[in-house]
Amino acid sequence: MKNVKLLFIILMSFLFVGAGMAQGVVKGILKDAQTNETLIGATVLVKGTNVGVTTNLDGSFSLKVPADKITLQFSYVGYESKEMSVSLSTGSTKDLGTITLKPSSIGLTEVNVLASIAVDRETPVAVSNIQPRIIEEKLGNQEFPEILKTTPSVYATKQGGGYGDSRINLRGFSSNNIGVLINGVPVNDMENGKVYWSNWAGLSDVTQTIQVQRGLGASKLALSSVGGTINILTKTTDVQEGGSVYSGIGNDGMHKFMFTLSTGLMKNGWAITISGAHSYGNGYVDGTNYDAYSYFFNVSKQLSNNQRLSFTVFGAPQWHNQRGNQHFIKTYRGQNDEIPYPVQSGYKYNSDYGYRDGKVYGGAYAYNVYHKPQASLNHFWQINDKTIWTTAVYASIATGGGRRVDGTGMQMLSWDYKLDKPYSSTKLTPEGYYDYSAVMDINKASLNGSQAIIGMSVNSHQWYGVLSTLNTKINNINVTAGIDGRYYIGKHTKEVTDLLGGKFFIDNSDINRTAYTPLHKGDLYSYYDDGIVRWIGVFLQGEYVKDKFSAFVSGSISSKAYNRKDYFLYTPGNQYSGWVNFMPWSVKAGANYNLSEHHNIYINGGYFTRSPYFNVVFPNYTNDINHNAKYERVLSTEVGYGYTSSKLNIRLGLYRTLWLDKGLTVTLGQIRSNISGLDALHQGIELTTTYKPFSKLVLNGMFSLGDWRWMNNVSFKAYDDNNVYQGTYNAYLKNIHVGNAAQTTAALSAQIQVVKNMKVGVDFTYFGRNYAEFDPSYRTDSTDVADAWMMPNVGLIDLNADYRFKIGKFNASLYANLNNFLNTPYIADATDGATHDAASALVWYGFGRTWYFGLKIRF
């Protein structure tokens with residue numbers, strides 16, 4: 001009997017072994033159907049089973065499957081899923097070759113053309129892609145630019161900590177020297193080149209993908225892309241019918257609600273997608289509560305098999321209280337004897353607000369409200385197999401501004417930002433808040449009107465543009481030509497919003513108004529002018545792509561003109577300055593050579609001129625023209641190497657950017673300084689790596705080392721907030737390190753699938769050699785040539801997790817984020833002091849530990 005049992009066990013073992021061996025192998029490569037880029041981390045699953053794998057770093061996969069007729073499912077966030085039937089015999093291997101997935105949004109092809117999206121191992125530029133999955137999993141309640149902090153040479157902070165008040169530097173250059181495109185349309189301010197992220201704080205809710213091109217980049221437009229280009233592609237119209245709802249909560253009363261609905265592409269060729277979101281909270285920093293909305297609407301029509309028309313409008317109206325002033329380190333620690341009240345909130349301390357009617361009320365530079373909607377009409381025409389014509393007509397009408405305190409008694413509600421203490425006349429409650437009631441009592445008793453008022457520094461604009469691109473293939477050369485036209489009117493003034501108990505306010509800045517005319521709520525004061533900019537540019541690029549070699553040469557030339565209209569300083573009929581014309585141009589070229597399927601090298605270089613900014617042409621805040629304003633000139637070169645395999649990717653680059661006759665506007669507290677003629681040298685090395693030892697674990701690394709310095713001494717003029725001339729100074733800046741950005745950065749990230757449908761990630765980021773921003777008024781001593789104070793180096797750890805599951809028939813995802821997990825105190829922003837050390841520096845601390853949970857249900 002025992003022998004029978006033993007025989008039975010042996011036979012069953014053979015059966016199971018045989019069954020286990022009844023397998024085959026399928027392999028292939030997943031790519032984007034439009035760009036031909038490989039899809040890393042896409043899911044390949046045997047339908048109806050748990051047998052699956054994710055694609056490797058080169059988009060490849062290899063999966064053992066039952067030796068039978070099976071159905072494979074291919075899926076990736078932001079793409080349409082695909083199914084494929086496969087039949088295998090025992091022990092066989094089937095190579096499916098290249099499997100392509102189409103983006104789940106209609107119209108990405110034309111957006112990719114307009115935005116000049118770079119392709120790895122083809123476009124010879126340093127590039128980093130932030131895919132939709134990363135945005136969903138890691139953004140949480142971080143500021144939009146912070147999603148890029150693991151990108152080489154990027155430094156992003158929340159600055160004062162108000163909603164949307166973040167900033168980003170790339171290769172040591174601030175946002176006015178980084179070309180920012182949304183769906184291929186430039187959004188840098190037409191007067192000063194800046195990007196105000198609070199205007200786009202809700203953009204993350206509708207972002208499809210982000211591509212950072214460091215250095216000259218692949219954009220054909222004449223952009224402010226000295227440091228690089230940030231391409232943001234929003235959703236267009238979803239291919240499939242459906243939608244989603246989202247709810248999130250976070251620290252300090254943060255709440256977020258969002259929805260998306262889409263008709264999908266209907267039989268009549270129409271498709272509509274609409275999204276909306278609402279976020280509100282108290283803010284991490286004291287007195288920085290906020291309320292923000294975002295909306296997105298897209299409707300597209302398939303006119304024919306070769307033509308499509310799409311209309312998109314999106315915006316993010318918001319208001320938020322802010323922290324306007326930096327403080328000494330000792331102030332945050334409660335050790336500043338000049339402050340007549342206890343500072344108890346530590347690094348969250350904010351001196352710039354009070355309470356009115358029981359609600360937080362921000363003071364000067366401590367409240368912002370803005371709405372910058374953007375609408376565009378896109379036409380896509382596939383003329384033939386070789387030619388595509390894409391045109392976008394767009395408009396943006398923005399309104400809003402920031403709170404100010406003005407009047408002869410403005411110091412009653414102001415902070416001495418240089419000495420970091422209240423003025424002797426500042427009115428404060430025993431707790432240290434601005435005492436608006438005390439000021440109102442003074443104003444009520446005044447026979448000369450309000451001594452201190454609340455005003456709004458209004459910065460509204462109208463911006464209209466057209467961007468048209470024709471792409472055709474001539475033999476082996478892709479030729480792209482286009483036109484870029486823009487017209488912009490920016491309105492700048494101050495408006496009385498609250499007399500604070502007084503009967504009127506006196507301001508004699510307007511020569512066209514009778515002196516001592518009583519002003520009331522809604523009246524304009526201090527200054528009132530328009531900045532008018534018109535731009536027309538053409539560009540041409542030839543790109544050769546064949547086998548292992550690709551190269552491009554491109555050039556652009558533009559006509560840019562400024563005009564200024566001043567309503568207060570000049571009489572009617574004499575209020576325009578007249579047009580001041582510039583003709584900036586650019587030329588750049590690059591080449592990539594794939595040495596093998598694993599190795600590639602690239603090189604690029606370029607030279608371009610850039611028009612001086614508006615306030616350099618009109619430096620005195622009058623219609624007086626600076627006829628000596630110079631073109632800024634930039635010479636940039638870069639070489640790089642890449643290694644790509646199924647398990648390991650490496651990208652290494654060296655860059656050098658020489659910037660001559662740079663114009664710079666520095667705003668520190670209430671003083672603005674216009675500096676021109678600066679020379680700077682930015683050079684460095686960048687390394688990124690990705691390692692995928694097995695399908696459930698991905699490791700990412702980044703290291704960048706920069707050397708960014710000013711190269712000469714210059715003179716400059718300074719003005720206060722009311723455009724009153726303060727003086728001319730010599731600034732001794734030669735060989736001083738560029739401030740406001742960490743010159744050494746590093747990151748190490750890991751993401752692992754711990755159980756089915758659940759991933760956990762950890763990010764370590766390091767920032768070093770971070771020099772404080774300099775104040776030009778502190779650099780007027782020729783014997784003082786010391787570097788700005790260098791902030792302490794810091795390493796931070798962030799955690800994230802996501803779990804995907806079913807709620808009935810609906811797909812759902814749960815997200816969790818824990819940023820600055822160790823609650824590490826660190827200085828994120830600093831302004832250099834008189835003695836260039838920690839004691840004299842004014843600083844903002846970065847956020848401590850913050851958390852966020854979100855739930856998304858798709859239907």
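The values are calculated or read from the model by the stated rules, or taken from the named source; none is laboratory data. Bear in mind that the values here come from a model prediction, so they are computed numbers and not experimental data. No Cβ is skipped: glycine too gets one built from the backbone with ideal geometry, and neighbour counts run over all protein chains shown. These area figures cover heavy atoms from the full protein model, side chains too; ligands, DNA and RNA do not enter into them. Shrake-Rupley method; radii C 1.70, N 1.55, O 1.52, S 1.80 Å.
Per residue, how big is the convex hull around the C-alpha atoms of region 270-353? Give it to me in cubic angstrom, could you?
About 114 Å³ per residue, rounded to a whole number.
Calculate the all-directions average of the projected area of region 352-455's alpha-carbon convex hull, and give it in nm².
Working: hull surface 47.3 nm².
For the Cα atoms of region 352-455, the hull's average projected area reads 11.8 nm².
By per-residue mean of other Cβ atoms within 10 Å, what is the highest-first order of 69-78, 438-447, 123-132?
Result, highest mean first: 123-132, 69-78, 438-447.
Which of the helices in the chain meet the span-like rule: DSSP H, Cα axial reach of 15 Å or more, Kyte-Doolittle mean at least 0.0?
Membrane-span-like by this criterion, though nothing is claimed about a membrane: 2-21.
Over region 780-819, give the accessible area per residue in Å² for a 1.4 Å probe, as an integer.
51
Could you give the accessible area per residue of region 115-254, probe 1.4 Å, as a whole number in Å²? Walk me through the numbers before you get to the answer.
Values: 2860 Å² over 140 residues.
I get 20 Å² per residue for region 115-254.
Which whole-Hz couplings ³J(HN,Hα) result when phi for each residue of region 678-687 is put into the Karplus expression 6.51 cos²θ - 1.76 cosθ + 1.60, θ = phi - 60°, listed in order with x for Gly and Pro?
3J(HN,Hα) across region 678-687, in whole Hz: 6, 10, 9, 10, 10, 9, x, 10, 9, 9.
Using Cα-Cα distances under 8 Å and only pairs 6 or more residues apart, what relative contact order does the chain have, in percent?
Values: 2454 pairs, mean separation 80.2, N = 859.
Relative contact order here is 9 percent.
Sort 576-586, 628-638, 164-174, 226-236 for me by packing, meaning the mean count of neighbouring Cβ atoms within 10 Å per residue, highest on top. Show your work: numbers first, answer last.
Numbers: 576-586: 15.6, 628-638: 18.5, 164-174: 24.4, 226-236: 26.4.
Descending packing order for the listed peptides: 226-236, 164-174, 628-638, 576-586.
What fraction of the DSSP beta bridges in the chain is antiparallel, stated in percent and rounded to the nearest 5?
Working: 344 of 358 bridges.
Once the DSSP bridges in the chain are tallied, antiparallel ones form about 95 percent.
Between L654 and T835, how high is the FRET efficiency from 1/(1 + (r/R0)^6) when r is the Cβ-Cβ distance and R₀ = 35 Å? Nearest 0.05.
For L654 and T835, the calculated efficiency is 0.45.
Using R₀ = 30 Å, calculate the FRET efficiency as 1/(1 + (r/R₀)^6) where r is the Cβ-Cβ separation of N626 and N512; round to 0.05. Don't jump to the answer; show the numbers that get you there.
Numbers: r = 25 Å, r/R0 = 0.84.
The value I calculate is 0.75.
Counting only DSSP beta bridges with both residues in region 330-439, tell me the antiparallel percent, nearest 5. Don't skip to the answer; put the middle values down first.
Numbers: 20 of 21 bridges.
Of those bridges, close to 95 percent are antiparallel.
Note the count of lysine pairs whose C-alpha atoms are less than 28 angstrom apart in region 178-288, limited to pairs 8 or more residues apart or on different chains.
Pairs that pass both the separation and distance tests number 6.
How would V724, V479, V185 rank on accessible area, largest to smallest, probe 1.4 Å?
Result, largest first: V724, V479, V185.
Using square roots of five times the C-alpha gyration tensor eigenvalues, list the equivalent-ellipsoid semi-axes of the chain in whole Å, biggest first.
Taking √(5λ) for each eigenvalue gives 50, 32, 27 Å, largest first.
Would you please classify the overall shape of region 450-547 from the alpha carbon gyration tensor, given that a ≥ b ≥ c denote the square roots of the eigenvalues, rounded means a/c under 1.5, and beyond that prolate means a/b larger than b/c while oblate covers the rest?
prolate
Cα-Cα pairs above 24 Å in region 494-601: how many percent?
When all Cα pairs of region 494-601 are counted, 59 percent exceed 24 Å.
How high is the FRET efficiency from S468 to D337, r the C-beta distance, R0 56 Å, rounded to 0.05? Mind showing how you got there, number by number?
Working: r = 63 Å, r/R0 = 1.13.
After rounding to 0.05, the efficiency reads 0.30.
For V239, V65, give me the order by solvent-accessible area with a 1.4 Å probe, most accessible first, ignoring ligands, DNA and RNA. Please report the intermediate quantities before stating the final value.
Working: V239 40, V65 0 Å².
Of V239, V65, the descending order of accessible area is V239, V65.
Does region 147-284 come out rounded, prolate or oblate, given a ≥ b ≥ c as the square roots of the eigenvalues of its C-alpha gyration tensor, rounded meaning a/c under 1.5 and, failing that, prolate meaning a/b above b/c? Walk me through the intermediate numbers first.
Numbers: a/c = 2.44, a/b = 1.26, b/c = 1.94.
Oblate, because a/c is 1.5 or more while a/b does not exceed b/c.
Just by accessible area at a 1.4 angstrom probe, what is the order of F144, F821 from largest to smallest?
Correct descending sequence by accessible area is F821, F144.
Give me the net charge of I454's neighbourhood, meaning all other residues with Cβ under 11 Å from the Cβ of I454; Lys, Arg count +1, Asp, Glu -1.
Residues close to I454 contribute a combined charge of +2.
For K386, go through the lysines and keep the ones whose alpha-carbon is under 19 Å away, minus same-chain ones fewer than eight residues off.
Within the straight-line limit of under 19 Å, K386 reaches these lysines: K473, K546.
Under the Karplus relation 6.51 cos²θ - 1.76 cosθ + 1.60, θ = phi - 60°, what is the ordered set of whole-Hz ³J(HN,Hα) values for region 821-836, x standing for Gly and Pro?
Running phi through 6.51 cos²θ - 1.76 cosθ + 1.60 with θ = phi - 60° gives 3, 8, 6, 6, x, 7, 8, 9, 9, 8, 10, 5, x, 5, 9, 6 Hz.
Restricting to region 139-244, what percent of DSSP beta bridges are antiparallel, rounded to 5?
75
Could you order peptides 399-412, 25-38 by the average number of other Cβ atoms within 10 Å of their residues, highest first?
Averaged packing, sorted descending, gives the order 399-412, 25-38.
Leaving out ligands, DNA and RNA, what percent of the accessible area of the chain is carbon and sulfur, probe 1.4 Å?
58
I'd like the Karplus ³J(HN,Hα) series for region 505-522: coefficients 6.51, -1.76, 1.60, θ = phi - 60°, whole numbers in Hz, and an x wherever there's a Gly or Pro.
Couplings: 9, 10, 8, 10, 6, 8, 6, 8, 10, 4, 4, 6, 5, x, 9, 10, 4, x Hz.
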